[in-house]
Protein chains: 2
Amino acid sequence: MDPDPQVDARSRSGAFASSPTVAKTGVIFESRVFWVERVEVCDRDGATRLRDVVRHPGAVTVIPVLADGRLVLIRNHRFTLRRWMVEFCAGKLEAGEDPQEAALRELEEETGYRAANIESLGGYYTSPGFCDEFMRIYRATDLTPVPTRHEIGEEIEIFTATREEIRAMIVDGTLEDGKSIAAFAKFELLFPEVTKR
Amino acid sequence: MDPDPQVDARSRSGAFASSPTVAKTGVIFESRVFWVERVEVCDRDGATRLRDVVRHPGAVTVIPVLADGRLVLIRNHRFTLRRWMVEFCAGKLEAGEDPQEAALRELEEETGYRAANIESLGGYYTSPGFCDEFMRIYRATDLTPVPTRHEIGEEIEIFTATREEIRAMIVDGTLEDGKSIAAFAKFELLFPEVTKR
């Protein structure tokens, strides 16, 4: 089998010159947002085993920064968990959609802010053990209020918080959304707060 | 329909006295690690819609702290992404398994360290938009080397890094695993580094 072109050289160690080979064997379940692919993996014992991967189109999340430094968050009802979650606004990518355009769209729809400036802070995989969802993080600034446009099925309330308040929400468990914790962590590293800490 | 007992009062706003009601309608796909449930959601327009949720048994991740303050990480080959990922050790919960026991087990198996002390740092949902996976975070200290026991299908290399090196890996994108970024962020907030920063 040919070497896998998707292997990322940065995180690949010389100790594993031959990484496990993966052969796609097809979609076995399809839903509206995700689908499941069964893949054949040739393990280091030489045996071939079938494993299932949840495939996802990818998503974006946005950290909206107001002029006074406060950040805009939402309380979002998640039918998956039957509870309200504190989060940054986010959404999955539509087919063929530019991620930055998606970020600006979700920001407007969910929080009612239009951003004159938006920049990518990179991204991360939400749960690479069984799923390929990649979450892109954006920082939005120069915000102007616009009407929200919540979709049917979205139950959202908007609020703002200081960075210190968000840190406290991570520590006490009020903020339990992995996407928002990871995005905020990267934002804090890239843009350290200039005031006291 | 009865009020949902699973709603978390902490993050629930008074503005949404009547949150969307959810009726389970059954498992429609089963895999080894996860399964998919189709649920009926009654939206605020009064209509009932079907949505699919990936159900997951939950997982644990461990931040192992060596006596000199360095943390133990792994490079892990993910068949889902066909690439190596920098991560903290982790694993899904087996049926009926105590999460803290699972954390100690994964730590030993994947990194070759036995911990005399382990403590919970809470947890978070990896991707609550479509999946209910809850990731529990542990901090492990008083580490003693033991043999690793990598399972077939696990391709893992162990290394250590300082906190500053991990922050740099988050910033430059070497660390792209959401679980590890969120776990490290909470660890840093709970246990601020005492030395220079």
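The values are calculated or read from the model by the stated rules, or taken from the named source; none is laboratory data. Treat the numbers as computed from the prediction; the structure is a model and nothing was measured. So basically every Cβ, Gly included, is an ideal-geometry build from the backbone, and we count neighbours across all protein chains shown. Areas reflect the complete protein model, heavy atoms only, side chains present, ligands, DNA and RNA absent. Shrake-Rupley method; radii C 1.70, N 1.55, O 1.52, S 1.80 Å.
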Classify segment B:59-108: rounded, prolate or oblate, from the alpha-carbon gyration tensor (a ≥ b ≥ c, eigenvalue square roots; a/c under 1.5 rounded; otherwise prolate if a/b is larger than b/c)? oblate
Given +1 on the Cβ of Lys and Arg, -1 on the Cβ of Asp and Glu, and no further charges, what dipole in debye does segment B:103-155 carry about its Cα centre, rounded to the nearest 20? 220 debye
Dipole-positive endmost among A:Leu107, A:Tyr138, A:Leu190 within segment A:101-197 (Cβ charges, Cα centre): A:Leu190
So how strong a dipole does segment B:22-68 carry about its Cα centre when Lys and Arg Cβ are +1 and Asp and Glu Cβ are -1, to the nearest 20 debye? 160 debye
Length-normalised contact order for segment B:103-197 - Cα pairs under 8 Å, 6+ apart - percent: 26 percent
Which part of segment A:122-148 falls in the paramagnetic zone of B:Glu97, meaning amide N under 19 Å from the point 7 Å along Cα-to-beta-carbon? A:127-131
Taking a point 7 Å out from Cα toward Cβ as the label site, list the nm distances between A:His150 and the same residue in every other copy, smallest first. 4.8
Rounded to a whole %, the carbon-and-sulfur portion of the accessible area of the protein assembly as shown at a 1.4 Å probe is 49 percent
Report the net charge of residues surrounding B:Val33, where surrounding means a beta-carbon distance below 9 angstrom and charges are Lys +1, Arg +1, Asp -1, Glu -1. +2
Using the Cα centre as the reference, give the magnitude of the dipole from point charges on the C-beta atoms of the protein assembly as shown (Lys, Arg: +1; Asp, Glu: -1; all else neutral), rounded to the nearest 20 debye. 380 debye
Expected max-MSF residue from B:Asp142, B:Asp45, B:Asp172 in the GNM of chain B (alpha carbon, under 10 Å) is B:Asp45
Which whole-Hz ³J(HN,Hα) couplings does segment A:56-62 yield from phi under the Karplus relation 6.51 cos²θ - 1.76 cosθ + 1.60, θ = phi - 60°, glycine and proline marked x? 9, x, x, 8, 10, 9, 10
For chain A, take the longest principal axis of its alpha carbons; what is the angle in degrees between that and the long axis of helix A:163-172, to the nearest 10 within 0 to 90? 50 degrees
Rounded, prolate or oblate: which one fits segment B:112-187, using the alpha carbon gyration tensor with axes a ≥ b ≥ c (rounded when a/c is under 1.5, else prolate when a/b beats b/c, else oblate)? rounded
Label-to-label distances across copies for A:Ala161, with labels 7 Å out along Cα→Cβ, in nm, shortest first? 2.6
On a C-alpha basis, how far is the centre of segment B:94-117 from the centre of segment A:132-197 in Å? Whole number, if you could? 32 Å
Using helices alone, what [θ] at 222 nm do you get for the protein assembly as shown, with -39,500 (n - 2.57) per DSSP H run of 4 or more residues, divided over all residues and rounded to the nearest 500? -5500 deg cm²/dmol
Return the long-range amide H neighbours of A:Tyr138 (sequence gap of 5 or more, or a different chain), with a cut-off of under 5 Å between placed amide H atoms. A:Thr61, A:Val62, A:Ile63, A:Leu121
Lysine pairs in chain B with Cα atoms under 25 Å, if 8 or more residues apart or on separate chains: 4
Under the 7 Å Cα-to-Cβ spin-label approximation, B:Arg32 and A:Ile28 lie apart by a distance in nanometres of 1.0 nm
Taking only protein heavy atoms into account and a 1.4 Å probe, give the accessible area per residue of chain B in Å². 43 Å²
State, to one decimal in nm and shortest first, how far the label point of B:Glu30 sits from each corresponding label point in the other identical copies (label point: 7 angstrom along Cα-to-Cβ). 2.5
State the residue of chain B whose Cβ is nearest the axis carrying B onto A, and the distance in whole angstrom. B:Ala185, 2
Förster-model FRET efficiency, 30 Å R0, A:Val146 and B:Asp45, C-beta, rounded to 0.05: 0.85
Under the Karplus relation 6.51 cos²θ - 1.76 cosθ + 1.60, θ = phi - 60°, what is the ordered set of whole-Hz ³J(HN,Hα) values for segment B:119-134, x standing for Gly and Pro? 9, 6, 10, x, x, 7, 8, 6, 7, x, x, 9, 9, 9, 4, 10
Given H placed on each backbone N at 1.01 Å, which residues far from A:Arg114 in sequence or on other chains put an amide H within less than 5 Å of it? A:Thr144, A:Val146
Rounded to whole Hz and in sequence order, give me ³J(HN,Hα) for segment B:101-115 from the Karplus expression 6.51 cos²θ - 1.76 cosθ + 1.60, θ = phi - 60°, writing x for Gly and Pro. 5, 4, 5, 5, 5, 5, 4, 5, 4, 8, 10, x, 10, 9, 9
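What is the interface area between chains A and B, defined as buried accessible area summed over both chains with a 1.4 Å probe, reported in Å² to the nearest 100?
For chain A against chain B, roughly 7600 Å² becomes buried.
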Below 8 Å between Cα atoms, with a sequence gap of 6+, how large is the relative contact order for segment B:43-167 in percent? 34 percent
Go ahead and set up a Gaussian network model of chain B, Cα springs under 10 Å, then flag whichever of B:Thr162, B:Thr80, B:Thr126 fluctuates most. B:Thr80
Cα gyration tensor of chain B, axes a ≥ b ≥ c as square roots of the eigenvalues: rounded (a/c below 1.5), prolate (a/b > b/c) or oblate? prolate
